[in-house]
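Have a look at the structure below before the remarks.
The values are calculated or read from the model by the stated rules, or taken from the named source; none is laboratory data. As the structure is a prediction and not an experimental result, all values here were calculated from the model. Cβ sites come from the backbone with ideal geometry, for glycine too, and all protein chains shown count toward neighbours. These area figures cover heavy atoms from the full protein model, side chains too; ligands, DNA and RNA do not enter into them. Shrake-Rupley method; radii C 1.70, N 1.55, O 1.52, S 1.80 Å.
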Amino acid sequence: QVQLVESGGGLVQAGGSLRLSCAASGRTLRNYAMGWFRQAPGKEREFVACILWSGVATHADSVKGRFTISRDNAKNTVYLQMSSLKPEDTAVYYCAVGTTYTVVASMYDFWGQGTQVTVSS
């Protein structure tokens, strides 16, 4: 089992920045991909970014150039630095861990409880 705890969400004005953190415990994540997804009210869960142990990362087109995923392997923690935030970025953001490097949410095995990000216009 892997436990994931997200933090860093909050209310920010459009154009502002936030950094989300997700701390993992339960096992070493050397062979696992870590990802961020988000879900807005009435919408399906959406891929944001994912990253391998090596640092290889993929970002969704909607956040490319504004969001950056990173991970600290020594701390078993993944981050999502979000800049130039827009009202449409408002959602609950979830951290996920899985053995497959993929943008598909259902392929991830473990999920955090989510953290709310609200961007006001």
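Candidates are the residues of segment 63-85 that are surrounded by 15 or more Cβ atoms within 10 Å (Cβ to Cβ) and in a loop (DSSP other than H, G, I, E, B); the one that is modelled with the lowest pLDDT is Asn76. Would you be able to tell me the number of residues in segment 91-104 that are under 14 Å from Leu29 (Cα atoms), out of contact with any helix residue (DSSP H, G or I) (no Cβ under 7 Å at 6 or more places or on another chain) and open to solvent by 10 Å² or more (accessible area, probe 1.4 Å)? Summing the residues that are under 14 Å from Leu29 (Cα atoms), out of contact with any helix residue (DSSP H, G or I) (no Cβ under 7 Å at 6 or more places or on another chain) and open to solvent by 10 Å² or more (accessible area, probe 1.4 Å) in segment 91-104 gives 2.
Among the residues making up segment 32-43, those that are under 24 Å from Gln1 (Cα atoms) and either at pLDDT 95 or above or assigned to a strand (DSSP E or B) (or both) are Ala33, Met34, Gly35, Trp36, Phe37, Arg38, Gln39. Here segment 1-43 is the region considered, the condition is being closer than 16 Å to Val117 by Cα and among the basic types (Lys, Arg), and the residue that is least open to solvent (accessible area, probe 1.4 Å) is Arg38. Any residue at all in segment 50-58 that is open to solvent by 20 Å² or more (accessible area, probe 1.4 Å) and within 14 Å of Leu18 (Cβ to Cβ)? No, every residue in segment 50-58 fails to be open to solvent by 20 Å² or more (accessible area, probe 1.4 Å) and within 14 Å of Leu18 (Cβ to Cβ). Of all residues in segment 108-120, those that are in contact (Cβ under 8 Å) with a residue 60 or more places away in the chain have Cβ atoms under 6 Å from Cβ atoms of residues that are surrounded by fewer than 15 Cβ atoms within 10 Å (Cβ to Cβ) and assigned to a strand (DSSP E or B), 6 or more apart or on another chain, in Thr118/Leu11; Ser120/Gln13.
Pairs linking a residue in segment 24-35 that is of a type in the set (Val, Ile, Thr) to a residue that is modelled with pLDDT under 95 and not in a strand (DSSP E or B), with Cβ atoms under 8 Å and 6 or more positions apart or on different chains, are Thr28/Asn76. Could you check, for segment 44-56, whether at least one of its residues is under 11 Å from the mean Cα position of the chain (by Cα) and either touching a residue at least 60 places away in the same chain (Cβ under 8 Å) or not in a strand (DSSP E or B) (or both)? Within segment 44-56, not a single residue is under 11 Å from the mean Cα position of the chain (by Cα) and either touching a residue at least 60 places away in the same chain (Cβ under 8 Å) or not in a strand (DSSP E or B) (or both). Beta carbons closer than 6 Å, at least 6 apart along the sequence or on distinct chains, pair a first residue in segment 64-81 that is under 9 Å from Ala23 (Cα atoms) with a second that is open to solvent by less than 10 Å² (accessible area, probe 1.4 Å) and not in a loop (DSSP other than H, G, I, E, B) for Val78/Cys22; Val78/Met34.
Name the residues in segment 88-107 that are closer than 20 Å to Asp61 by Cβ and either part of a loop (DSSP other than H, G, I, E, B) or touching an Asp or Glu at 6+ places or on another chain (Cβ under 9 Å) (or both), would you?
Applying the first criterion (closer than 20 Å to Asp61 by Cβ) to segment 88-107 yields 88-91, 93-94, 96, 101-105, 107.
Across segment 88-107, the qualifying residues are Thr90, Ala91, Tyr93, Tyr94, Ala96, Tyr101, Thr102, Val103, Val104, Ala105.
Considering Glu46, Glu88, the condition of being exposed (fewer than 15 other Cβ atoms within 10 Å of the Cβ) and modelled with pLDDT of 95 or more is satisfied by Glu88 alone.
The criterion of being touching a Gly at 6+ places or on another chain (Cβ under 6 Å) and of a type outside the set (Val, Ile, Thr) holds for Ala33.
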